[in-house]
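Here's the structure we're looking at; comments come further down.
The values are calculated or read from the model by the stated rules, or taken from the named source; none is laboratory data. Here the structure is a predicted model, which is why all the values come from computation and not from measurement. A quick note on method: Cβ atoms are made from the backbone with ideal geometry, for glycine too, and the neighbour counts reach across all protein chains shown.
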Amino acid sequence: MPIDPTLAYDDHNVFAKILRSEIPCRKVYEDQWAFAFHDINPQAPVHILVVPKGRYIGWDDFSTQASEAEIAGFVRAVGTVARDAGLAEPGYRLLVNMGQHGHQEVPHLHVHIFGGRQFTYMIPRE
Ligand code: 5GP
């Protein structure tokens, strides 16, 4: 079910638990601002999730409430993770699902990094 982004941040969401090491993940990267791990249900040969360390539900509250340092650090981390995964040259796709229409399921902001194959249309045609 997509989340309701008007609700308060839920400290029990699955990515908050991963950040606190309460549940396992296949960790890829960590720095002051971001944490990255392999998606549990990969949709491409490479499917990595990058989450900010701060308590942000989605792109809306992150883009309005995060500090310049948090935003810069997070964006740089996404690029670093993709580059370190060997994706910069063949290319990759970034995706952020936001709120109900975006079909966001986990209420902690995450950027999907997809790579390792050729992609076609951005959004499935109806
Ligand atoms: P969303 O639809 O919110 O943009 O994407 C949520 C993503 O989180 C999905 O791709 C899903 O496979 C992934 N996911 C959900 N629970 C877990 C988990 O416990 N561990 C990991 N590594 N990924 C998860």
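Restricting the range 101-121 to residues that are more than 11 Å from the ligand (Cβ to nearest atom) and in a loop (DSSP other than H, G, I, E, B), the residue that is modelled with the lowest pLDDT is Tyr121.
Listed residues Arg20, Arg26; which is modelled with pLDDT of 95 or more, surrounded by fewer than 12 Cβ atoms within 10 Å (Cβ to Cβ), within 9 Å of the ligand (Cβ to nearest atom) and among the basic types (Lys, Arg)? So that I can check it myself, show each step before the final result.
Details: Arg20 fails: within 9 Å of the ligand (Cβ to nearest atom).
It is Arg26.
Name the single residue, out of those in the range 29-39 being outside any strand (DSSP E or B) and surrounded by 11 or more Cβ atoms within 10 Å (Cβ to Cβ), that is nearest to the ligand (Cβ to nearest atom). Only one residue fits best here, namely Asp39.
Cβ-Cβ distances below 9 Å connect the following pairs, each with a first residue in the range 19-30 that is under 19 Å from Pro42 (Cα atoms), a second residue that is charged (D, E, K, R) and away from the ligand (no atom under 12 Å from the Cβ), and a separation of six or more residues or different chains: Val28/Asp84; Tyr29/Asp84.
When Leu109 is tested against (1) free of Cβ contacts under 8 Å to residues at least 24 places away in the same chain; (2) touching a helix residue (DSSP H, G or I) at 6+ places or on another chain (Cβ under 6 Å), only condition (1) is not met. For Thr64, the conditions (1) loosely packed, with under 12 Cβ neighbours inside 10 Å; (2) within 16 Å of the ligand (Cβ to nearest atom) all hold with the exception of (2). Listed conditions (1) more than 10 Å from the ligand (Cβ to nearest atom); (2) outside any helix (DSSP H, G or I) are all met by Val81, apart from (2).
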